[in-house]
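Just below is one structure, and these are the notes that go with it.
The values are calculated or read from the model by the stated rules, or taken from the named source; none is laboratory data. Keep in mind it's a predicted model, so treat the numbers as computed, not measured. Ideal geometry is used to build each Cβ from the backbone, glycine not excepted, and the neighbour counts take in all protein chains shown.
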Amino acid sequence: MMCIIRIKGQVGINKDVKETLFRLRLRRKYSCITLETTKENMGMLKKVRSFVSYGEISKETYEELLKKRGKKVQGKLKPFFRLHPPRGGAETKVHYPKGILGENKEMDKLVGRML
């Protein structure tokens, strides 16, 4: 399962990128969604990789995310989660390995710091 977290805000972004983030339900900073890895989803992630951090998460991390941040509305689970800013800070100007933007191999650690 892939986890996607929006890291940057809306100021000064392209209209196409803004529309893609809206369709992914990443409308606010530090919002998070989980998706399956498909060709279509990877194409959208390639377009918004400068504004989000994404990567595979373990089943244990997903269950902890559901337990701490999952909300039910009218009997259905909300498709997104709101997270805290990362404890200890994060370098948001550069891509992974130095920063957290783009494909991140350590998503479990990042999600753990944001719960």
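Whenever a residue of region 72-93 is under 18 Å from Lys8 (Cβ atoms) and free of Cβ contacts under 8 Å to residues at least 24 places away in the same chain, its partners that are of a type outside the set (A, V, I, L, M, F, W, C) and assigned to a loop (DSSP other than H, G, I, E, B), lying with C-beta atoms within less than 7 angstrom and at least six residues away or across chains, give the pairs Glu91/Lys98; Glu91/Gly99; Lys93/Gly99. The single residue among Thr20, Thr34 that is closer than 21 Å to Leu110 by Cα and polar (S, T, N, Q) turns out to be Thr34.
Put simply, of Lys76, Lys47, Lys8, Lys18 the only residue that is of a type in the set (D, E, K, R) and surrounded by fewer than 12 Cβ atoms within 10 Å (Cβ to Cβ) is Lys76. Remark: Leu66 matches the filter, which requires a residue to be free of Cβ contacts under 8 Å to residues at least 12 places away in the same chain, under 19 Å from Met114 (Cβ atoms) and aliphatic (A, V, I, L, M). For region 76-97, a tally of residues being over 12 Å from Val52 (Cα atoms), assigned to a loop (DSSP other than H, G, I, E, B) and either modelled with pLDDT of 80 or more or of a type in the set (Val, Ile, Thr) (or both) returns 10. Could you check, for region 21-43, whether at least one of its residues is over 12 Å from the mean Cα position of the chain (by Cα), surrounded by 15 or more Cβ atoms within 10 Å (Cβ to Cβ) and over 16 Å from Cys3 (Cβ atoms)? Checked against the condition, which is being over 12 Å from the mean Cα position of the chain (by Cα), surrounded by 15 or more Cβ atoms within 10 Å (Cβ to Cβ) and over 16 Å from Cys3 (Cβ atoms), region 21-43 yields no hits at all.
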